[in-house]
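Coordinate-derived values only; no laboratory data. Since this is a predicted model, take the numbers as computed values, not measurements. Cβ sites come from the backbone with ideal geometry, for glycine too, and all protein chains shown count toward neighbours.
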Amino acid sequence: MGNETVFPRAVLFDRDDTLVVDVPYNGDPDLVRPVPGAGQVLQALRAAGVRCGVISNQSGIARGLISAEQVAAVNARVSELLGPFDTFQFCPHGPEDRCRCRKPAPGMVHRACEELGLEPWEVAVVGDIGADVAAAKAAGARGVLVPTAVTRPEEVRDADLVAGSLAEAMRLLGGIPAPADQDAGGRA
């Protein structure tokens, strides 16, 4: 299929510590702060016609620490700050629930692909922990790890693609294509 050399048609991002600064079990939209560079990467992807989505474990719901309505309010603030997303998936379950959607399981990636009308091999997943890239692999998508202070060394070692920033992650995926509304044939 050659999917290793073609930029994905969609990029699914983990939310906390990938797109926005992690606030554990955040239910307050006022605490949402974008990660440096996230807005620029998303803007470039959208300009190139690449669809963008979010997949996020939200076990705080299962633990009774936040409500689904609070997660929706935080997600709305993420969209307000970083632009509209083509799909927004979250798993409300805890690790002990053994559901099919909680990363590292592929359920959210599959749901996002279904919603976007894409096959998993047409999609990339970018996140900050091993569960993010494991979900991508389990679904048949490409995964890129962008480590943070909470990323374990073995997660970095086990990842196929590791980037120092979201912009570098896009370069590892093949570089963001030229904007969709430009004639690529006339570019130098």
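Only helices enter the 222 nm calculation for the chain: every DSSP H run of n ≥ 4 contributes -39,500 (n - 2.57), and dividing by all residues gives -9000 deg cm²/dmol, rounded to 500. Taking a ≥ b ≥ c as the square roots of the eigenvalues of the alpha-carbon gyration tensor, region 60-137 is classed oblate because a/c is 1.5 or more while a/b is no larger than b/c.
Would you tally the net charge around Cys99, using a Cβ to Cβ cut-off of less than 15 Å, leaving Cys99 out, and scoring K and R as +1, D and E as -1?
Working: positive: Arg63, Arg98, Arg100, Arg102, Lys103, Arg111; negative: Glu96, Asp97.
Taking every other residue near Cys99 into account, the sum is +4.
Cysteines in the chain that lack a partner Cβ within the 4.7 Å cut-off: Cys52, Cys99, Cys113. Between amide H atoms placed 1.01 Å from N, distances below 5 Å from Phe88 occur with Val54, all of them 5 or more places distant or on a separate chain. Pick out which of Ala105, Ala169, Ala68 has the largest mean-square fluctuation in a Gaussian network model of the chain, springs linking Cα atoms closer than 10 Å. Residue with maximal mean-square fluctuation among Ala105, Ala169, Ala68: Ala68. Subtracting the Cα-Cα distance of Asp97 and Glu168 from 0.36 nm times their residue separation leaves 22.1 nm of extension gain. Taken along its principal axes, the alpha carbon cloud of the chain reaches lengths of 56, 33, 32 Å, longest axis first.
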